[in-house]
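The values are calculated or read from the model by the stated rules, or taken from the named source; none is laboratory data. The structure presented is a predicted model; accordingly, all values stated were derived computationally and were not measured. As a convention, Cβ positions derive from the backbone with ideal geometry for all residues, glycine included, and neighbour counts pool all protein chains shown.
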Amino acid sequence: MHPLRLALYQPDIPQNTGTMVRLCACLGVAVDIIEPAGFPVSDRAFRRAGMDYLDAVEIVRHASWRAFAADRASSGRRLVLATTRAALPYHAFSFAPGDVVLMGRESAGVPEEVHDAADARILVPMRPGLRSLNVAVTAAMILGEALRQLDAFPGGGEASTPAGS
């Protein structure tokens with residue numbers, strides 16, 4: 001079982017999705033894609049876009065929010081929503097094994113129904129007056145903190161290949 005899952009709610013931008021899929025492949029985090037997306041999300045489309053990390057990551061596609069919600073409910077996993085409307089900073093939240101971190105659409109976040117379904121809502125604190133971080137950057141920050149708390153980084157925290165190598 002993966003220590004965490006990253007769920008993407010109707011992603012709009014293929015480059016951000018690709019970045020988050022690669023992040024999850026490298027960190028050993030499973031990915032849930034909640035459709036419809038703003039671009040094709042089939043394995044064929046990902047491979048055509050140069051996603052050479054697909055064999056290293058578990059991706060589960062859900063036809064709708066309701067399909068995802070039913071799947072999550074049957075697994076008993078907590079849903080942790082990253083949202084600018086939260087009050088709790090992500091680093092003050094206590095992550096648990098099996099948590100599903102949900103990222104909203106780049107253009108619109110998530111609808112109220114999805115917001116209300118979350119077991120917890122967290123945010124990345126930012127300077128006043130600035131709107132938001134890139135969704136992939138936010139996902140990386142939150143997953144990094146969650147894996148740190150769970151002592152679940154791949155390789156047990158040993159030194160690995162530096163970025164860009």
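Yes/no matrix, rows are residues, columns are (1) under 19 Å from Thr138 (Cβ atoms); (2) surrounded by 20 or more Cβ atoms within 10 Å (Cβ to Cβ); (3) at pLDDT 95 or above:
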| position | (1), (2), (3) |
| --- | --- |
| Met1 | no, no, no |
| Thr19 | yes, no, no |
| Leu27 | yes, yes, yes |
| Glu35 | no, no, yes |
| Arg47 | no, no, no |
| Ala56 | no, no, no |
| Leu79 | yes, yes, yes |
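Could you look through the range 96-119, keep only residues that are part of a loop (DSSP other than H, G, I, E, B) and aliphatic (A, V, I, L, M), and pick out the one that is farthest from Cys24 (Cα to Cα)?
Going residue by residue through the range 96-119, those that are part of a loop (DSSP other than H, G, I, E, B) are 96-99, 104, 106-108, 110-111, 118-119.
Now drop any that are not aliphatic (A, V, I, L, M), which leaves 96, 108, 110, 118.
Numbers: Ala96: 17, Ala108: 23, Val110: 21, Ala118: 21 Å.
For the range 96-119, the residue satisfying everything is Ala108.
Hey, could you check the range 121-139 for residues that are buried (at least 17 other Cβ atoms within 10 Å of the Cβ) and not β-branched (Val, Ile, Thr) and say which is nearest to the chain's Cα centre (by Cα)? It would help to see each step written out before you state the result.
Residues of the range 121-139 that are buried (at least 17 other Cβ atoms within 10 Å of the Cβ), as a first pass: 121-124, 135-136, 138-139.
Then keep just the ones that are not β-branched (Val, Ile, Thr); that gives 121, 123, 136, 139.
Values: Arg121: 13, Leu123: 13, Ala136: 8, Ala139: 5 Å.
Only one residue fits best here, namely Ala139.
Among the residues of the range 14-60, which ones are touching a Lys or Arg at 6+ places or on another chain (Cβ under 7 Å) and assigned to a loop (DSSP other than H, G, I, E, B)?
Result: Val29, Glu35, Val41, Tyr53.
Give Ser94, Ser64, Ser75 a once-over and let me know the one that is closer than 25 Å to Pro125 by Cα, loosely packed, with under 15 Cβ neighbours inside 10 Å and small (Gly, Ala, Ser). Can you show your working first?
On the way: Ser64 fails: closer than 25 Å to Pro125 by Cα; Ser75 fails: closer than 25 Å to Pro125 by Cα.
Answer to the selection: Ser94.
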